[in-house]
Each structure stands twice: as structure tokens, then as C-alpha cells.
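The values are calculated or read from the model by the stated rules, or taken from the named source; none is laboratory data. Everything quoted here is computed from the prediction, not taken from an experiment. We place every Cβ from the backbone using ideal geometry, glycine too, and count neighbours over all the protein chains shown.
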Amino acid sequence: MAIFDDIKETIMAGKRKEIGGLVQQGLDAGEDPQALLDAMIGAMDIIGERFSKGECFVPEMLVAARTMTAGTDVLKPALAAGGAEAAGYAVIGTVKGDMHDIGKNLVRMMIEGKGVEIDDLGVDVAPEAFVDYIKEHPNCQVVCLSALLTTTMPALDDTVKALQEAGLRDSVKIMVGGAPVNQAFSDEIGADAYTEDAGAAADKIMDLIG
């Protein structure tokens, strides 16, 4: 239907000021909130695919993801009222000693674009903060850790070890990423997954949740 196509095109074009009105228009017309969310997720899937192919870049992904977020803000009350379930639950943060957040924010927004409910602990997050979060949120399935400096990579290892020592390691999957991180380092610290960009992270988290 036209409203679904309009929503997709608006997200892909990054027209954040327009998306809320379109989503509300769909709700007012009696469209299923989940179907509206699926249209938004479809748009982000296309953006992620284009990014992976080098057909669009970080700025385009950011504006599309922010537009998606604005759309889901309008949709959330209707989804909650309809008893719609999130696709999964995750937490994300940049590790202790690292203040970078652009990459982390982009990954978070792309993951949200998959319908996953993800809490953001921010930057400079101590291993203990992740441990406390998992204890308080036993439904969390994936811990996403970001490090943008070679000097803060050891904090990824520290966080994995802290979860092990707390007896929580087996209850969650751990995904790592960031400019200096690679698959070999991910394997070395015992993470479950490494992804090199936000689009890949959003795809991978669905595998980890599934």
C-alpha cells in the first residue's frame, strides 16, 4: 500500500521531520502497528545492504537511522498496546577508557532498525556496569562492546572476563567491534562475534538472537 512505500522512501531519504506524521497517518488509517514497523525495518535493511556494498556511507546511514528512530518513537505506544514483542533484547556501550560514540550510536540505531530493543550504556563503561546490567535485565540476549582505540582494546577482554567471573557469560552472546578490532582479537578474548560495520552488526545480532 502507498503508506508503506511512503514510509520506506522517507526513511531511506532521511526525512526525519516527515516520518512521524506518516507513521501517525498509517495508525489513524487503522494499519497494523507491526506492519508499519516491518516497513521501517525493510527500509533499514536496504540501507544496510547498500552500505555493505559501498553504495552509501556513514552520513546516509546515520540520517536514515535517526529517521527510523523518530518513526518508532511514534509507533511504540501502539506496539505496546497491541502487545507486540520486540525481536530481541540487547545492551551496548563503549568500553572503559574510551569516549568515542559515533560508531556505537550508529550500530545501536541499525540494531533498533531490526526491531531489537537495545539499551545504550554510553561511553567509558566499566566492566562492572555491564555485569550489573545483565543481573538487572535477565532477558538481555546480546552484549555489544565497542572500542575505537588500540589502548582500550584490553577493556573488551576485561569485560568478557568480568561476565565470566560473575557467572553470566553463558547467559548472553558477546559481539565486539571498532576500528582496531578484528576477528583474531575477537577469537582471542572469547567473544561470540565480530563485525566490521554497523550494517553487518545489525545482521549478526539477528543470528545471535535466533
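Any residue at all in the range 162-174 that is β-branched (Val, Ile, Thr) and part of a helix (DSSP H, G or I)? So far as the range 162-174 goes, no, none of its residues is β-branched (Val, Ile, Thr) and part of a helix (DSSP H, G or I). Only a single item in (1) at pLDDT 95 or above; (2) buried (at least 21 other Cβ atoms within 10 Å of the Cβ); (3) touching a Gly at 6+ places or on another chain (Cβ under 8 Å) is not met by residue 110, and it is number (1). Going by the conditions given, is residue 191 in contact (Cβ under 8 Å) with a residue 24 or more places away in the chain, over 18 Å from residue 105 (Cα atoms) and not assigned by TED's automatic domain parsing to the domain that holds residue 64? Judged against the criteria, residue 191 is a match.
Restricting the search to the range 182-199, which residues are in contact with an Asp or Glu (Cβ under 6 Å, 6 or more places away or on another chain) and surrounded by 21 or more Cβ atoms within 10 Å (Cβ to Cβ)? Spell out how you get there, then give the answer.
Of the range 182-199, the ones in contact with an Asp or Glu (Cβ under 6 Å, 6 or more places away or on another chain) are 189.
Within the range 182-199, none qualify.
In the range 74-106, the qualifying residues are those that are in a helix (DSSP H, G or I) and either acidic (Asp, Glu) or within 15 Å of the chain's Cα centre (by Cα) (or both), and the one that is nearest to residue 9 (Cα to Cα) is 106.
Consider the range 39-72 and keep the residues that are over 16 Å from the mean Cα position of the chain (by Cα) and free of Cβ contacts under 8 Å to residues at least 40 places away in the same chain. The one that is surrounded by the fewest Cβ atoms within 10 Å (Cβ to Cβ) is 54. Taken together, the residues in the range 107-129 that are part of a helix (DSSP H, G or I) and over 16 Å from the mean Cα position of the chain (by Cα) amount to 3.
One residue alone among 202, 179 is modelled with pLDDT under 95 and surrounded by fewer than 16 Cβ atoms within 10 Å (Cβ to Cβ), and that residue is 179.
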